[in-house]
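Down below is the structure, laid out as structure tokens.
The values are calculated or read from the model by the stated rules, or taken from the named source; none is laboratory data. Because the structure is a prediction, the values reported are computed rather than measured. We place every Cβ from the backbone using ideal geometry, glycine too, and count neighbours over all the protein chains shown.
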Amino acid sequence: MAKKENNKLKILIAASECVPFAKTGGLADVVGALPLALKKLGHDVRIVIPKYKLIDDEKFNIRDTGLRVNIDIALTNHTAIIKETFFPGTDILVYFIQNSEFFDRDELYRTPQGEYWDNAERFMFFSRVVVEMIRLMDFKPDVININDWHTALIPVYIKTIYSNNDFYRNIATVYSIHNIAYQGLFDKEKLSHAGLPMDLFSIDKMEFYGGINYMKGGIVFSDIINTVSKKYREEIMTPEFGYGLDGVLKSKADDVYGILNGIDYTIWNPQTDKLLPVNYNEDTLEQKENIKKNLLESVGLKYIENIPLVGLISRLDDQKGLDFIAAIIDEMMRLNLQFVLLGTGDEKYHNLFNQIKAKYPEKISVNIKFDNKLAHLIYAGSDIFLMPSRFEPCGLGQMIALKYGTVPLVRETGGLADTVSQYNFKTKQGNGFVFSGYDPYALLYNLKIAIDTYKNKTTWRKIQLNGMKADFSWDESAKEYVEIYKKAVEKRIR
Ligand code: ADP
């Protein structure tokens, strides 16, 4: 078949969440930003997500398309209502798949008591409706970009039970892995609920330790796979980070890419940030000190000149390396610093940091909550931004900190390794401090170097400016996405 001549692609992005409609994590930020950058490059891009109860039809002007799709799940027929709206402020169409039984719930995936019992069915339904829906619309995608485990069955359907259908023959699939720790593991009976053949229950397809693994299906059946940084791409092909999928990824290594997420500089820019008491740029960095005073006052710490302020904003989860901090907290508190923490998550970390706060009330402020305004203040008002993650597929915090002239101290992993480089005192290159290994004392050692360096205002300013120069906008990353979309399309029509 002839090569596709037209350079403009029709792209459908299928995901379980998208800013501003529904968000639990970084996936939603990507799905809410990448399409806008793709559109700027001239491509016809559309988005499809489930219509959760929390998505308000009126607020987003969501209307019924009149299209209906009927799917059997575990021998029971379910109807999907297809709705649509434009992504706010754009002419990008967003489709919503509505079904009250599956998606009219208070949360997206889980309650505090645990995962919804029928997540396998909810997302097999969503995936199959997407596959069916495109046949009914006047939009046949060249490529479907699926994301994480929730939409991983889309290529499985296309390459198995729809493989004899001409309509699907040239539709390529690209699989984006945002976090390999969440794979969608279920009993093998779910294959029959999904209407998929039982021969998928084999080691070279979806079988995984006696059950089935949605993410493995996505990897095996997609044309191209990508993840959210180059370093994480390498890491997930090792037993340490691959969570059991390193082997299958390695077997497709030539088709696995790593593209760094961007950040939205219309939101994260110290020069225009409306949540700051005063704005600043490379030439007015001294304003950071005023924001620091404001921040310290609002979190109940005393401002003392020349004491560096360390900031940390994070989900309080094992992934984030908080146990490293716990291990060295007493030594850390003896250093000449103040520490402000903002985060929510695991109860054990809430307790731990509250205990630390009780012990060192003058030095540390612990804020157990989700607070966007305080986050902006911490990014701008801190001197050092701490991100000691055990693993970090991409990470946004360090990229935001760099933009705000707040020097990151990170563990060398995933996207942190790709965006933060150790400052070199001879060459004056580098934008932060980086430690490696699993040794909390490596973190402490680097923190001491950072605090020492902070005393030298000229050097410190140089590191800040190196960081502020970096450009992690979506524009560059979107071009790389287009390249892998084209590779996927070529593989399908070859
Ligand atoms: P992850 O997606 O693993 O949580 P990222 O670094 O990619 O980590 O993104 C986290 C984002 O959420 C950052 O923008 C960070 O500022 C924000 N964030 C995390 N916790 C909080 C909180 N408690 N309050 C406000 N913003 C938060």
Inset, instruction - Go through region 202-257 and give me each residue that's closer than 19 Å to Ser477 by Cβ and of a type in the set (Phe, Trp, Tyr). - result: Tyr232, Tyr257
Legend entry - Unmet criterion (only one of (1) part of a helix (DSSP H, G or I); (2) buried (at least 23 other Cβ atoms within 10 Å of the Cβ)) for Leu312: (1)
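Against the condition within 8 Å of the ligand (Cβ to nearest atom) and not hydrophobic (A, V, I, L, M, F, W, C), how does Gly397 come out, does it pass?
The answer is yes for Gly397.
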Inset, instruction - Only residues that are within 16 Å of the ligand (Cβ to nearest atom) and polar (S, T, N, Q): list them for region 16-61, please. - result: Ser16, Thr24
Legend entry - strands (runs of 3 or more DSSP E) (entirely within region 161-236) containing at least 3 residues that are within 22 Å of the chain's Cα centre (by Cα): 172-177, 224-227
Legend entry - Selection status of Gly300, away from the ligand (no atom under 16 Å from the Cβ) and either over 21 Å from Gln398 (Cβ atoms) or at pLDDT below 95 (or both): yes
Inset, instruction - Select from region 318-345 the residues that are small (Gly, Ala, Ser) and more than 19 Å from the chain's Cα centre (by Cα) and list them in ascending order. - result: Ala326, Ala327
Inset, instruction - Working carefully through the options Ile325, Ile307, Ile378, find the one that is touching a strand residue (DSSP E or B) at 6+ places or on another chain (Cβ under 7 Å), within 26 Å of Gln464 (Cα to Cα) and either small (Gly, Ala, Ser) or crowded, with 23+ Cβ neighbours inside 10 Å (or both). - result: Ile378
Legend entry - Unmet criterion (only one of (1) part of a loop (DSSP other than H, G, I, E, B); (2) modelled with pLDDT of 95 or more; (3) of a type outside the set (Ser, Thr, Tyr)) for Asp138: (2)
Inset, instruction - List every residue pair whose Cβ atoms sit under 7 Å apart, with the two residues 6 or more apart in sequence or on different chains, where the first one lies in region 215-232 and is over 17 Å from Ala172 (Cα atoms) and the second, anywhere, is assigned to a helix (DSSP H, G or I) and among the small types (Gly, Ala, Ser). - result: Val228/Gly415; Ser229/Gly414; Ser229/Gly415; Lys231/Gly414; Lys231/Gly415; Lys231/Ala417; Tyr232/Gly414; Tyr232/Gly415
Inset, instruction - Filter region 407-416 down to residues that are more than 22 Å from Ile378 (Cα to Cα) and of a type in the set (A, V, I, L, M), then give me how many there are. - result: 0
Legend entry - Residue satisfying condition, being at pLDDT 95 or above, under 26 Å from the mean Cα position of the chain (by Cα) and either surrounded by 13 or more Cβ atoms within 10 Å (Cβ to Cβ) or not assigned by TED's automatic domain parsing to the domain that holds Leu396 (or both), within set Leu67, Leu9, Leu27: Leu9
Legend entry - Close pairs (8 angstrom Cβ cut-off, 6 or more residues apart or separate chains): touching a residue at least 60 places away in the same chain (Cβ under 8 Å) in region 113-124, of a type in the set (Val, Ile, Thr) and not in a strand (DSSP E or B) anywhere: Phe123/Thr151
Legend entry - In region 323-360, residue nearest to Lys302 (Cα to Cα) [restricted to those that are of a type in the set (Gly, Ala, Ser) and away from the ligand (no atom under 16 Å from the Cβ)]: Ala358
Legend entry - Test for Leu67: is it in contact (Cβ under 8 Å) with a residue 24 or more places away in the chain, of a type in the set (A, V, I, L, M) and in a loop (DSSP other than H, G, I, E, B): no
Legend entry - Residue satisfying all of: in region 366-394; among the aromatic types (Phe, Trp, Tyr) and within 21 Å of Lys293 (Cα to Cα); farthest from the ligand (Cβ to nearest atom) among these: Phe385
Legend entry - The listed residue being assigned by TED's automatic domain parsing to the domain that holds Glu189 and on the phi > 0 side of the Ramachandran plot, out of Asn119, Asn77, Asn145, Asn61: Asn61
Inset, instruction - Tell me which of these Lys363 doesn't satisfy, since it passes every other one: (1) among the charged types (D, E, K, R); (2) within 16 Å of the ligand (Cβ to nearest atom); (3) within 20 Å of Lys448 (Cα to Cα). - result: (2)
Legend entry - Top-ranked residue in region 242-267 [being of a type in the set (Val, Ile, Thr) and in contact with a Phe, Trp or Tyr (Cβ under 7 Å, 6 or more places away or on another chain); ranked as nearest to the ligand (Cβ to nearest atom)]: Ile263
Inset, instruction - Could you tell me whether region 437-457 includes any residue that is surrounded by fewer than 16 Cβ atoms within 10 Å (Cβ to Cβ) and either under 20 Å from the mean Cα position of the chain (by Cα) or more than 20 Å from Glu331 (Cβ to Cβ) (or both)? - result: yes
Inset, instruction - Test each condition in (1) assigned by TED's automatic domain parsing to the domain that holds Tyr109; (2) in contact (Cβ under 8 Å) with a residue 40 or more places away in the chain for Pro239 and report the one that comes out false. - result: (2)
